[in-house]
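The values are calculated or read from the model by the stated rules, or taken from the named source; none is laboratory data. Note that this is a predicted model, so its numbers are computed, not measured. Here the Cβ positions follow ideal geometry from the backbone for every residue, glycine too, while neighbour counts run over all protein chains shown. Note: areas computed on protein heavy atoms with side chains; ligands, DNA, RNA excluded. Shrake-Rupley method; radii C 1.70, N 1.55, O 1.52, S 1.80 Å.
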Amino acid sequence: MSHDSTAAPEAAARKLSGRRRKEIVAVLLFSGGPIFESSIPLSVFGIDRQDAGVPRYRLLVCAGEDGPLRTTGGLELTAPHGLEAISRAGTVVVPAWRSITSPPPADALDALRRAHEEGARIVGLCTGAFVLAAAGLLDGRPATTHWMYAPTLAKRYPSVHVDPRELFVDDGDVLTSAGTAAGIDLCLHIVRTDHGNEAAGALARRLVVPPRRTGGQERYLDRSLPEEIGADPLAEVVAWALEHLHEQFDVETLAARAYMSRRTFDRRFRSLTGSAPLQWLITQRVLQAQRLLETSDYSVDEVAGRCGFRSPVALRGHFRRQLGSSPAAYRAAYRARRPQSERVPAAESEAASAVAAGGAGGPTAPHPETAGVPPQVRRTAGAGALGAASVSASASASTLAAEQHPRDAYAGSRGGLPGQRSGM
């Protein structure tokens with residue numbers, strides 16, 4: 001399926017200047033960049049795999065500053081080209097940036113702006129999004145980066161529509177991705193866009209990776225406070241929310257604790273964390289439920305109560321949208337992946353509980369939600385949108401509607417596969 005931007009026709013229709021060639025890919029490297037992320041576009045676009053049916057790109061590795069370039073482990077790299085070679089490229093990739101708090105070199109930013117003005121496709125992998133943002137190429141656009149750095153990107157560049165849930169975002173002529181593996185996803189997407197599914201599939205087989213990875217970054221998030229939050233007045237409110245997830249409270253409660261109106265609180269919270277407060281709160285409750293399912297024997301109903309959901313139905317709906325599985329199926333799949341030595345005590349504990357409860361000693365019937373559990377937890381298409389879901393009529397309709405139809409979620413619509421997004 002194609003994922004060209006349909007919401008940015010001007011960007012999609014732009015033509016390359018006469019000196020640029022579509023098949024030329026320039027990779028812009030800086031000193032201090034991680035070697036793994038830097039190597040991804042070099043491997044995808046720099047190796048001739050025509051024997052496998054993958055059309056060939058011409059790779060230009062460019063130094064974004066004076067060398068030698070030092071990278072992970074103290075290695076020193078010497079790029080064969082400088083910034084002047086970018087003028088020939090139809091695609092420019094920035095695989096990483098050494099620091100999310102320091103500005104990139106001005107000459108490199110000028111080269112990126114000029115390339116974009118001349119019709120080149122600009123790609124930022126992981127922290128490379130900070131370089132694109134510093135060049136002004138993400139202003140008013142949707143973008144993503146590693147979830148750990150998304151709050152900082154949103155705070156430093158408030159005009160960028162940062163979505164930390166996505167594996168990558170394709171906005172036509174500007175594309176960004178999340179962490180390391182998502183960089184591979186985006187590079188495969190570029191090959192698929194240029195040459196079709198067959199070529200991308202052949203390349204994926206050579207790399208021994210899935211041709212299309214479903215899902216987003218939600219499953220990898222943790223409860224860590226965003227970097228730079230410590231000095232912000234909202235830090236105390238965020239910390240309180242994380243410590244009281246077992247209680248039932250809403251965004252209005254958080255706004256009141258911050259002595260702000262709901263509108264002001266929403267705006268400040270988004271600039272601080274890169275997320276709308278309702279979306280953030282639901283995500284944190286689901287993450288807490290995920291941990292309890294992994295580490296406790298609480299029933300799903302008990303987990304829902306201990307994570308602040310007003311009903312098990314609400315937990316199941318949000319859990320499935322974020323992680324692509326019911327809570328019971330997630331627990332069963334998680335335990336199935338644990339080493340046998342860790343699973344035996346749990347089984348003995350459950351058997352002992354059954355005997356203590358007066359059970360007959362025979363095997364119990366499986367819970368209907370765990371029957372036929374897939375070998376791995378998979379995310380369903382459309383997951384992560386925090387959109388509409390069918391709920392039982394016996395549930396509290398008004399409460400669930402408020403929780404499951406957030407008006408201030410990041411994306412009003414998500415085209416294409418989960419884990420990637422077209423332009424807004």
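Side notes on the structure shown:
- Selection among Ala106, Leu125, Val93 by position relative to the dipole of the stretch 70-147 gives Leu125 as farthest towards the positive end (Cβ unit charges, Cα centre).
- Cα→Cβ-extended label distance, 7 Å offset, between Arg206 and Ile35, nm: 2.3 nm
- Ranked from largest to smallest solvent-accessible area, with a 1.4 Å probe on the protein heavy atoms, Glu118, Glu166 come out as Glu118, Glu166.
- Positive-end extreme of charge dipole, the stretch 119-199 - chosen from Phe168, Thr145, Ala134 (charges on Cβ): Ala134
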